[in-house]
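Enquirer: Submitted below is the structure of interest, expressed as structure tokens.
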Amino acid sequence: MTLEQQISTLAKEAVKALYGIEAADAQIQLQKTRPEFEGNITLVVFPFVKAARKAPAQVAAEIGEKLMADGSGLIARFNAVQGFLNLVIDDGFWVKQLQAIDADANYGRLPNRDQLMMVEYSSPNTNKPLHLGHVRNNLLGFSIAQIQEANGWQVVKTNIVNDRGIHICKSMLAWLKFGNGETPESSGKKGDHLIGDYYVRFDKEYKKQIAELMADGKDEETAKREAPLMLEAQEMLRRWEANDPEVRDLWTKMNNWVYAGFDETYRRMGVSFDKIYYESNTYLEGKSEVEKGLASGQFYRREDGSVWADLTKDGLDEKLLLRSDGTSVYMTQDIGTAKLRFQDYPIDKMVYVVGNEQEYHFKVLSILLDRLGFPFGKELVHFSYGMVELPNGKMKSREGTVVDADDLMDKMVADAREISKDKVNTLQGITPQEADEIARKVGLGALKYFILKVDPRKNMLFNPAESIDFNGNTGPFIQYTYARIQSVLRKADTANLSPLASSLDPKELALIQRLCEYPSVVRTAGDDFSPAVICNYAYSLACDFNSFYHDLSILNEPDAQKKALRLLLSANVAKVLKSAFALLGIEMPERM
RNA sequence: GGUCCGGUAGCUCAGCUGGAUAGAGCAACAGCCUUCUAAGCUGUGGGUCUCGGGUUCGAAUCCCGACCGGAUCACCA
């Protein structure tokens, strides 16, 4: 039973005995005592003032006396300030908490709930490399998966790769026309970047043709429609749909280049998937699902042959599901993907990590899946996150303001390495490989924390002109705290510790109390789908430790019992920091 | 125009299921390394929580209205 639960029970009994009222759970308001007052936990007594018909301070004092009498030593003393009853919990309680935390190797992990959650994230197009927006998506998706796993879900991480469509045809066409057989091997370029270059090349040549046609007197719309390159790309898409072997072979070859590039980026980012779906395999399933819905009267066909869902009863519009030429749209594909997933896994909850610009799409998808009989449809979660903006607004590939994922990671690791150069004292005697590892972990830690600490729902700003910090409320600050503890532990003889001290310094107590919060933080992060909650907690814990570390000596503490307690405390702070960072997908360096 | 989301220090962000004097970091300034890692610690300055109403013992937090910013409302994905 947690401290809150114990106090809550005691408080209810006290209020009943004193004032004869049955307090509801919502009326028992407990909060952490503010640092300017003495105490660990505070009961807000305003809810009982009316029934007591006494001044708030007097009510607080009366409840305090009662809790002292009934609490069997749990509460050492109390003070009442207005309607706030500040309770000082006995040191012995905290020491026992620390021992319990130490004994639990999986501290923070909540009981299994035997239910399966599928988390879809990343979901790239195969025509260009990953950029900063994808980075936010991938980091959030991976972290959410870790957090939900810690909340007891069985989690399947999945990715739906948008591998077909006009966009990839554009890259293919440009490569055929202008590529001279260039390959990742021959050019030394990562496959995704190579394909991205040809996508840009297509756009450039296409614009040139439009300009030429307009110079010949065509209006812009006509020029766009009649540009030979566009006609060729569309023809290529038709050949792809018709399974033309030549087009299919090229498509396979070029997509594989992209996948090799993506895999490298994913590996570097530290994200992974349990199951990958490809749109080229799911869109036909979607069509057949729509046909079924049509047969059962869920959907209807218009005169031109297009198929629609009428969502006006749900307060939405009518939504196109199949074009008049019978081809599928985005929604059709997501329906097909959902069907395959449901065949493959007993999904209890489906989570889509997709930007907030697609909220309407997922609102519609939820309704459609529900109508088609998917049990998770109605309750699907669109984990809708905000955009990453630059000082001048959104990233635009046309304006060359896209922040490339690989470049950004390179820069972060290089910055970390640069900073490490000054650390000759702490990093002496390490091999170049170890130095590389530290720079990698710290650089990526800075990037990941920078992104994950922001409330996912909000748009966030990235300024390429300013480098991401390594000081203050950052990933490296927390990694540093961890490395510092490891350094102390390496020097300590932890083999046979003496019994623990039974009284606590305030800094020790604050740290233990903070450690006790961890499981509820994990729960909140899971309920709210918020890695930022974990970031905030890890930061607070690191701050508390650094304050403790600054004020109190660990290894040089003469009192063996105090030393033992501080070592145990330090080890468990490190354990929780590492655990919290694992939920964020951030690795801890043993030294830095 | 309809719907949704946001507006907190110069900047980037916490805090939002109502609680005590609204917090961090960055930037600026001033201190602390012969002592467990100074990527650290301590201090100073910095606020009309966009504005106006309402609800109540109490509002940055909840409700209503305005203003500002963003997203979305395709036979694109």
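Enquirer: Can you give me the Rg/Rh ratio for chain A, using Cα atoms for both radii and the Kirkwood formula for Rh? Walk me through the intermediate numbers first.
Expert: On the way: Rg = 29.7 Å, Rh = 28.0 Å.
Rounded to two decimals, Rg over Rh is 1.06.
Enquirer: Return the percentage of antiparallel bridges among DSSP beta bridges fully within chain A, rounded to the nearest 5 %. Can you show the working numbers first?
Expert: Values: 24 of 45 bridges.
Roughly 55 percent of the DSSP beta bridges within chain A come out antiparallel.
Enquirer: Sort largest first and round to whole Å: the equivalent ellipsoid semi-axes of the stretch A:297-336, each the square root of five times a Cα gyration tensor eigenvalue. Provide the component values of the computation, followed by the final result.
Expert: Numbers: eigenvalues 56, 35, 12 Å².
Equivalent ellipsoid semi-axes, largest first: 17, 13, 8 Å.
Enquirer: Could you tell me which of rounded, prolate or oblate describes the stretch A:402-521, using a ≥ b ≥ c as the square roots of the eigenvalues of the alpha-carbon gyration tensor, with rounded for a/c under 1.5 and, failing that, prolate when a/b is larger than b/c and oblate otherwise? Present the calculation step by step, with values, prior to reporting the outcome.
Expert: Working: a/c = 3.07, a/b = 1.41, b/c = 2.17.
It is oblate, given that a/c is not under 1.5 and a/b is not larger than b/c.
Enquirer: Please list the three semi-axes, largest first and in whole Å, of the ellipsoid equivalent to the stretch A:86-165, using sqrt of 5 times the eigenvalues of its alpha carbon gyration tensor. Can you show the working numbers first?
Expert: On the way: eigenvalues 337, 48, 17 Å².
Equivalent ellipsoid semi-axes, largest first: 41, 15, 9 Å.
Enquirer: Assuming 0.36 nm per residue, please report the length gained on full extension of the stretch A:K177 to A:E226 beyond their Cα-Cα distance.
Expert: Details: separation 49, 0.36 × 49 = 17.64 nm, distance 1.82 nm.
Full extension of this stretch gives 15.8 nm more.
Enquirer: Where the Cα atoms of the stretch A:192-320 are projected onto their three principal axes, how long is each span, largest first, in whole Å?
Expert: Result, largest extent first: 51, 47, 34 Å.
Enquirer: Got a number for the accessible area of A:H193? Probe 1.4 Å, square angstrom, nearest 10.
Expert: Here the accessible area works out near 40 Å².
Enquirer: Only Cα pairs under 8 Å and at least 6 apart count here; give the relative contact order of the stretch A:173-250 as a rounded whole percent. Let's see the in-between values first.
Expert: Details: 43 pairs, mean separation 18.1, N = 78.
Here the relative contact order equals 23 percent.
Enquirer: Something else now. Can you give the alpha-carbon Rg of the stretch A:39-118 over 2.2 N^0.38 Å, where N counts its residues? Mind dumping the intermediate values first?
Expert: Working: Rg = 18.0 Å, N = 80, 2.2 N^0.38 = 11.6 Å.
Normalised by 2.2 N^0.38 Å, the Cα Rg of the stretch A:39-118 equals 1.55.
Enquirer: Still on this structure, please answer the following. Treat the stretch A:75-129 as a sphere of radius equal to its Kirkwood radius over Cα pairs and apply Stokes-Einstein at 37 °C in a medium of 0.692 mPa s; give the translational diffusion coefficient in µm²/s, rounded to a whole number. Spell out each step's value before the answer.
Expert: On the way: Rh = 16.9 Å.
Using the Kirkwood radius from Cα pairs, D works out to 195 µm²/s.
Enquirer: Label points 7 Å out from Cα along the Cβ direction at A:A295 and A:E241: separation in nm?
Expert: Once both label points are built, they end up 2.2 nm from each other.
Enquirer: Run lengths n ≥ 4 of DSSP H only: what is the helix-derived mean residue ellipticity at 222 nm for chain A, with -39500 (n - 2.57) per run over all residues, to the nearest 500? Could you put the intermediate results ahead of the total?
Expert: On the way: 20 runs with 327 residues, N = 592.
-18500 deg cm²/dmol, from helical runs alone.
Enquirer: Now a separate question. Given the protein chains as shown and a 1.4 Å probe, how many square angstrom of A:C543 are accessible, to the nearest 10?
Expert: Taking all protein chains as shown, A:C543 has close to 50 Å².
Enquirer: Taking just the alpha carbons, could you work out the radius of gyration and Dmax for the stretch A:439-497, both in angstroms?
Expert: Looking at the stretch A:439-497, its Cα Rg and Dmax stand at 15.8, 52 Å.
Enquirer: Mean shadow of the stretch A:433-592, computed from the convex hull of its alpha carbons, in nm²? Don't skip to the end; give the middle numbers.
Expert: Details: hull surface 42.5 nm².
Projected over every direction and averaged, the Cα hull of the stretch A:433-592 covers 10.6 nm².
Enquirer: Express the carbon and sulfur contribution to the solvent-accessible surface of chain A as a percent, rounded to the nearest whole number, probe 1.4 angstrom.
Expert: Values: 13370 of 27620 Å².
The C+S portion of the solvent-accessible surface of chain A is 48 percent.
Enquirer: While we're on this one: Arranged from highest to lowest average of other beta-carbon atoms within 10 Å per residue, in what order do the peptides A:52-58, A:12-18 appear?
Expert: Values: A:52-58: 14.7, A:12-18: 17.1.
Packing order, densest peptide first, comes out as A:12-18, A:52-58.
Enquirer: Heavy atoms only, 1.4 Å probe, whole protein assembly: order A:M460, A:M68 by accessible area, highest first.
Expert: Working: A:M460 15, A:M68 75 Å².
Descending accessible area places them as A:M68, A:M460.
Enquirer: Right, next: What do you get for GluC sites (Glu not before Pro) in the stretch A:431-477 restricted to DSSP loop and a cutoff of at most 13 other Cβ within 10 Å of the site's Cβ?
Expert: Details: sites: A:E434, A:E437, A:E466; in loops: A:E466.
Sites meeting the loop and neighbour criteria: A:E466.
Enquirer: Kirkwood hydrodynamic radius of the stretch A:260-327 from all distinct Cα pairs, in Å? Write out the running numbers ahead of the final one.
Expert: Values: mean 1/r = 0.0681 Å⁻¹.
Taking the inverse mean of 1/r over all distinct Cα pairs, the stretch A:260-327 comes out at 14.7 Å.
Enquirer: Can you tell me the Rg and Dmax of the stretch A:352-439, counting just the alpha carbons, in angstroms?
Expert: 22.2, 65
The values are calculated or read from the model by the stated rules, or taken from the named source; none is laboratory data. No experiment lies behind these values; they were computed from the predicted model shown. Positions of Cβ are backbone-derived with ideal geometry, glycine not excepted, and every protein chain shown enters the neighbour counts. Side chains are part of the model used for accessible areas, which takes the heavy atoms of the whole protein and leaves out ligands, DNA and RNA. Shrake-Rupley method; radii C 1.70, N 1.55, O 1.52, S 1.80 Å.
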